[in-house]
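Below: the structure, in structure tokens.
The values are calculated or read from the model by the stated rules, or taken from the named source; none is laboratory data. The model shown is predicted, which means the values in this text are computed figures rather than measured ones. Cβ atoms come from the backbone with ideal geometry, glycine included; neighbour counts cover every protein chain shown. The protein model used for the area step is the full one, side chains on, heavy atoms only, and it has no ligands, DNA or RNA in it. Shrake-Rupley method; radii C 1.70, N 1.55, O 1.52, S 1.80 Å.
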Amino acid sequence: MKLHGFIKKQLLDIYKKMTLSRHLDEKQLILLKQGKGFFHIGASGHEAAELAAATALKPGFDYAYPYYREQAFCLGYGMTVKEHLLAFLAKEDDPSSGGRQMPQHFGHKDLNIVSQSSPTGTQYLQAVGAGSILKRDGNGAVVYVSSGEGTTSQGDFHEALNWASREKTPVIFHVENNGYAISVPISEQTSGESVFDICAGYDSLSRFNVDGCDFFETILAFKKAVERARSGKGPSVIVSNVVRLLPHSSSDDQRKYRDEKDLEADRKRDPLVLFREKCVSEGIAKDSEFEEIVNESKKQVDNETLWAEKQSNPVAKDWEKNLFSNNIKNDGLDYELSEPNGDKIVLVDAINHALDEELNHNPHAIIYGQDVAGGKGGVFTATRGLTDKYGKERVFNSPLAESSIVGTAIGMSTLGWKPIVEIQFGDYIWTAMMQIRNEMTTMRYRSNGNWASPFVIRVPVGGYIHGSLCHSQSIDGYFAHLPGLLIAYPSNASDAKGLLKTACRIDEPVLFMEHKGLYRQGFAASPEPNEDYLLPFGKAKIIQEGSDITIVTWGAIVQKSIEAARVSNLSVEIIDIRTLNPLDMDLILKSVSKTNRVIVAHEDNLTGGFGGEIASRIAEEGFEYLDAPVKRVASKDSPIAYSAILENEILVQTDWITDSIKEVLDY
């Protein structure tokens, strides 16, 4: 006997997973009261929709991006009760994060559950990026991604729908609508109070609106959506109307904003009750069989909780484990095998040649961003000719949406590809900040090394081009503050090529800053290295040796330091750090120990600039070498004006450095 295509054994197994999830919610709340945990988000009321989704997918073949309320989905997808408890108790063997993330931030490498974090909506673009790779593979795998209805107010959700529908990526978007984004009702959240309606208008996007408390109705939608995605017809969005039987989280009290009538209405739609009643009324199983499952599940959760409490906690000394890859200091690459001795080229051409060589070197390398493809080849022509040579599948334009560019690149990189994406101007990188700060740079750490997002973000930065407020910004001070991100900032063509090629080959996330004012400057031109030339991160360079004073600098200020040194008629040692992270403090301190005086000069504005970090470390680690205070030279704390008169007053000038040399030497 079957019920909607399911035999008795299957239905009882589904019900058991529902009850396991429900008992897990109850047990975790008890553990909280006992002081054995700190936080909990429950799945109670969402179980039917989540089990329907899991039942329609192939764990370990498909990929899943489940949001924090998807405990029942993860049980249905193959995670065990023990694994959930290990996460809740922050144990060493927690497969999601090894105790690094809050509970219900799911991840499981063997099942292809990609590590999830707290921001709402970032997962959608990552899922689309993963779906783009699966479409290229052509093996029929699909991507599942979910959220609550409140998250659909985020721009990333709509950017993801746009990208997925435009490319027909095999992505299943699951919106679990319980009517409340914490305390905000959907009437105050969504136009027309319908997520289903606001998803209209996207080409190739199929939409389903179902009663998420009814497993049998919901599974039909998922089967259709999955079949559609596997056959290459494109994405689907499924809106499951569910109930939230617990507060938003253990930190919430929903009685403050929901009345008893509302709560009672939800309890009457309890999916476990509805599923059980349906199976009994159709004669598929006896009520006593379901009751036995309830008792078995409770016993299992109780017993496995005792087991989980005895497991090992994380080791304190491992606090920085997996911030970067295990081989960051021994990556197996051969560096500086030769000296750059080719024809002299400008910096932008060095970038172009490096990209060309890396596309040829790695068949899984791809380039995309705004205006990078075709005849345009980027607004600075850094990618010119590459679409013609490698095709639109490997060098292509993205929508004008920075979060989309970075978010999809995260998804692609987790599946082993190497995106090299361009943000057209550093001034507009900020809409991608959530993806960079909370996703790209934390992926390896938060998953305890199970997942990583090693890709390259190229970004033109800097002023001196009359670019005014929003085409002149220096952004290095912001990004140097982010753990887990490597940062390169070359000052000349040969360094740019060597560092970019390395960035494309190492297993780390990299922000590669290119000063647009240096792209075609003669003083930044240099002999081109050959295609085997790689430059290591964390190795600064002495541009000129000296004995009177050291200038530590990078980017466009390297040349200004050279000019200032020439005017000073003193013996000035100039260090180009080349990479901000890692920073070559050994070379800096060695130089300061020789000259006993130091200036740190940079283009970013003074307050909060990376020069302050370098100055602080010199003071902490090399104070005994100093015969004068560390001097900083930086741009003024102001937006950058368009007028040349005003711009010259704001940005670092050569005479500022010259005057500072005299000031420090006269101390």
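Brief remarks follow.
- Failed item, numbered, when E227 is tested on (1) of a type in the set (D, E, K, R); (2) assigned to a helix (DSSP H, G or I); (3) crowded, with 20+ Cβ neighbours inside 10 Å: (3)
- Options Y67, Y63: the member that is aromatic (F, W, Y) and out of contact with any Leu (no Cβ under 9 Å at 6 or more places or on another chain): Y67
- Put simply, of S236, S240 the only residue that is under 30 Å from D94 (Cβ atoms), among the hydroxyl-bearing types (S, T, Y) and in contact (Cβ under 8 Å) with a residue 24 or more places away in the chain is S240.
- The residues listed here are N569, N605; of these, the one that is at pLDDT below 95, open to solvent by 30 Å² or more (accessible area, probe 1.4 Å) and over 27 Å from T502 (Cα atoms) is N569.
- Pairs are defined by a Cβ separation below 8 Å, a sequence spacing of at least 6 or placement on different chains, a first member in region 287-313 that is outside any helix (DSSP H, G or I), and a second member that is exposed (fewer than 15 other Cβ atoms within 10 Å of the Cβ) and at pLDDT 95 or above; the pairs so defined are Q311/E92; S312/E92; N313/E92.
- Within region 165-185, the set of residues being in a helix (DSSP H, G or I) and either within 22 Å of the chain's Cα centre (by Cα) or surrounded by 20 or more Cβ atoms within 10 Å (Cβ to Cβ) (or both) comprises S165, E167.
- Count of region 415-460 residues which are in a strand (DSSP E or B) and out of contact with any Cys (no Cβ under 7 Å at 6 or more places or on another chain): 7
- If the condition is being out of contact with any Ser or Thr (no Cβ under 6 Å at 6 or more places or on another chain), assigned to a helix (DSSP H, G or I) and of a type in the set (A, V, I, L, M), then region 1-39 contributes L11, L12, I14, M18, L24, L29, I30, L31.
- The set of residues in region 330-357 being in contact (Cβ under 8 Å) with a residue 24 or more places away in the chain and more than 15 Å from E528 (Cβ to Cβ) consists of D331, L333, D334, Y335.
- When D532, D584, D507 are checked against the criterion of being at pLDDT 95 or above and surrounded by 19 or more Cβ atoms within 10 Å (Cβ to Cβ), D584 stands alone in meeting it.
- Enumeration of residues in region 53-64 that are hydrophobic (A, V, I, L, M, F, W, C) and open to solvent by 10 Å² or more (accessible area, probe 1.4 Å): A56, L57, F61
- Filtering S468, S474, S453 for residues that are among the polar types (S, T, N, Q) and open to solvent by less than 10 Å² (accessible area, probe 1.4 Å) leaves a single hit, S453.
- For region 199-210, filtering for residues that are open to solvent by 50 Å² or more (accessible area, probe 1.4 Å) and either more than 20 Å from A229 (Cβ to Cβ) or not in a loop (DSSP other than H, G, I, E, B) (or both) leaves 2.
- Some residue of region 310-333 being open to solvent by 40 Å² or more (accessible area, probe 1.4 Å), farther than 30 Å from K135 by Cα and in contact with a strand residue (DSSP E or B) (Cβ under 8 Å, 6 or more places away or on another chain): no
- Selection of region 394-426 for residues being open to solvent by 10 Å² or more (accessible area, probe 1.4 Å) and out of contact with any strand residue (DSSP E or B) (no Cβ under 8 Å at 6 or more places or on another chain) yields P399, L400, A401, E402, T414, G416.
- Y67 being open to solvent by less than 50 Å² (accessible area, probe 1.4 Å), in contact (Cβ under 8 Å) with a residue 24 or more places away in the chain and assigned to a loop (DSSP other than H, G, I, E, B): yes
- The criterion of being open to solvent by 20 Å² or more (accessible area, probe 1.4 Å) and out of contact with any helix residue (DSSP H, G or I) (no Cβ under 7 Å at 6 or more places or on another chain) holds for Y445.
- Filter result (farther than 21 Å from A432 by Cβ and outside any strand (DSSP E or B)) within region 126-164: L134, K135, R136, D137, G138, N139, G140, A141, V142, E149, G150
- Any hit, region 153-162, residues being at pLDDT 95 or above, open to solvent by 10 Å² or more (accessible area, probe 1.4 Å) and touching a His at 6+ places or on another chain (Cβ under 8 Å): no
- Within region 118-144, restricting attention to residues that are over 20 Å from W417 (Cα atoms) and touching a strand residue (DSSP E or B) at 6+ places or on another chain (Cβ under 7 Å), the residue that is surrounded by the fewest Cβ atoms within 10 Å (Cβ to Cβ) is T120.
- Filter pass, V652 being surrounded by 15 or more Cβ atoms within 10 Å (Cβ to Cβ), closer than 26 Å to V461 by Cα, at pLDDT 95 or above and of a type in the set (V, I, T): yes
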